[in-house]
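Undergrad: Supplied in structure tokens, the structure appears directly below.
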Amino acid sequence: MAELTHFLSCDWGTSSFRLKLVEWPGLRVVATSTSDEGNAATFKQWQQAGQPPERRLGFYLSILHRHVQKLEAEFGHPLAGTPVVVSGMASSTVGMLELPYKDFPFATDGTDLTTKLLPATAEFSHPVLLISGVKTPDDVMRGEEVQLVGCHLPATAEDQLFLHPGTHAKHVTVRRGQAVALQTYMTGEFFALLSQQSILAAAVEKADDFQAPAHRQAFEQGVRTSQDINLLHAAFLVRTNQLFDKLSKSENFYYLSGLLIGYELSSFPADFTGAVVLAGEEALVQPYEAALALLGLTGRVASVTTHGAEEVTLRGQAVVLRRALGAGQLPSVTTS
Ligand SMILES: O=C(O)C(=O)C[C@@H](O)[C@H](O)CO
């Protein structure tokens, strides 16, 4: 038996899989294994495999196992017994094991999130702490609630707005240490569908240089257009931008991004003057920050602070892991 020195952080989303070996309690990432084996693709594979329902958990754990082996090889030590903390869509209808949502409101210090502990077995030698999502009467999230907890928001008298860009962008209102309202915007998913599967695919080319002046300009043009023109018409302008040589394909990528983010932010609450907390992948946080400024929202609110996705995921998972350790649900020692 040895003292707990590491945990495995699994952020298993709809379209991506991320496993990290993390030092405990310092939260330094030692090794990472990522893939596009998101829950949507894994669930499809599971359905195609035609196995009985009782094998589903094992099917998902075998993917986890393969990634743990990669980390083990990189780390150079066995990881048997090291706990895995899993957040995201793994607890959903398309995940390894469906867990019920925790109802809103929930405490932003992470004390009342729903979790399930799956003990280590002969096939998978790690206890798994699976974190469930949260729901309002008409909206849900899985994964972002852990990142919200990882923002370590102070319980202020003034409302805070947690913005999480992504496939399903989340806007969560926080009041005195409680998350009280949620709206999901399918911004990232619409972007993927329009830019990859519609007629606009021929007019758009993926780019990853938001700061290039021409890209930034095209993005800002998209944000401005979103405030004046109907979405269904403005989307077609992506095609005519290219037909009439107004924008290059990579500029169009940012124009479409600006359009959709602009439409999403159109519903920013008119009377909100509190603090905005923007957390997510850097490539998404940057354009949201720019759009907030362009729309005059940055000047109107108390502050806009930003956090990276990895930082808030690890900190949020650490809160939940610490709670499980404190409650004696998990041994504070590993078996290797
Ligand atoms: O719980 C579910 O079934 C969801 O669809 C939640 C989803 O929106 C995630 O929060 C982000 O992809």
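The values are calculated or read from the model by the stated rules, or taken from the named source; none is laboratory data. Since the structure is predicted, the reported quantities are computational estimates derived from the model, not experimental observations. All Cβ positions, even for glycine, are placed from backbone atoms using ideal geometry, and neighbour counts span all protein chains on display. Note: accessible area is taken over every heavy atom of the protein model, side chains too, but ligands, DNA and RNA are not part of it. Shrake-Rupley method; radii C 1.70, N 1.55, O 1.52, S 1.80 Å.
Undergrad: Mind listing whichever residues of the stretch 268-312 are under 17 Å from residue 258 (Cβ atoms), open to solvent by less than 70 Å² (accessible area, probe 1.4 Å) and assigned to a helix (DSSP H, G or I)?
TA: Matches in the stretch 268-312: 284, 285, 286, 287, 288, 290, 291, 292, 293, 294, 297, 298.
Undergrad: Residues that are open to solvent by 20 Å² or more (accessible area, probe 1.4 Å) and hydroxyl-bearing (Ser, Thr, Tyr), at least 2 per element: which strands (runs of 3 or more DSSP E) completely within the stretch 125-218 meet that?
TA: 178-185
Undergrad: Among the residues of the stretch 35-70, which ones are hydroxyl-bearing (Ser, Thr, Tyr) and in a helix (DSSP H, G or I)?
TA: Once the filter is applied, which keeps residues that are hydroxyl-bearing (Ser, Thr, Tyr) and in a helix (DSSP H, G or I), the stretch 35-70 yields 42, 60, 62.
Undergrad: Tell me, yes or no, whether the stretch 95-107 has at least one residue that is under 14 Å from residue 13 (Cα atoms) and assigned to a strand (DSSP E or B).
TA: no
Undergrad: Test residue 58 against the criterion of being at pLDDT 95 or above, within 21 Å of residue 98 (Cβ to Cβ) and within 16 Å of the ligand (Cβ to nearest atom), and give yes or no.
TA: In short, no.
Undergrad: Could I ask something else about it? Looking only at the stretch 12-34, filter to residues that are open to solvent by 30 Å² or more (accessible area, probe 1.4 Å) and in a strand (DSSP E or B); which one of those is nearest to residue 118 (Cα to Cα)?
TA: The qualifying residue nearest to residue 118 (Cα to Cα) is 18.
Undergrad: Could I ask something else about it? Residue 160 - would you say it is more than 12 Å from the ligand (Cβ to nearest atom), at pLDDT 95 or above and closer than 28 Å to residue 263 by Cα?
TA: yes
Undergrad: Another question about this same structure. Residue 38 fails exactly one of the following numbered conditions: (1) open to solvent by 20 Å² or more (accessible area, probe 1.4 Å); (2) farther than 15 Å from residue 310 by Cα. What is the number of that condition?
TA: Unmet condition: (1).
Undergrad: Please determine, by comparing only the residues of the stretch 132-151 that are within 12 Å of the ligand (Cβ to nearest atom) and among the hydrophobic types (A, V, I, L, M, F, W, C), which one is nearest to residue 163 (Cα to Cα).
TA: 148
Undergrad: Now a separate question. Out of 111, 82, 121, which single residue is open to solvent by 40 Å² or more (accessible area, probe 1.4 Å), polar (S, T, N, Q) and touching a residue at least 24 places away in the same chain (Cβ under 8 Å)?
TA: Within the list 111, 82, 121, the selection yields 111.
Rundown of residues vs (1) assigned by TED's automatic domain parsing to the domain that holds residue 294; (2) within 30 Å of residue 113 (Cα to Cα); (3) in contact with a Lys or Arg (Cβ under 9 Å, 6 or more places away or on another chain), yes/no style:
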site: 171; (1), (2), (3): no, yes, no
site: 201; (1), (2), (3): yes, no, no
site: 207; (1), (2), (3): yes, no, yes
site: 215; (1), (2), (3): yes, no, no
site: 226; (1), (2), (3): yes, no, no
site: 236; (1), (2), (3): yes, no, no
site: 239; (1), (2), (3): yes, no, no
site: 245; (1), (2), (3): yes, no, no
site: 254; (1), (2), (3): yes, no, yes
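Undergrad: Among the residues of the stretch 225-233, is there at least one that is hydrophobic (A, V, I, L, M, F, W, C), open to solvent by less than 40 Å² (accessible area, probe 1.4 Å) and not in a loop (DSSP other than H, G, I, E, B)?
TA: no
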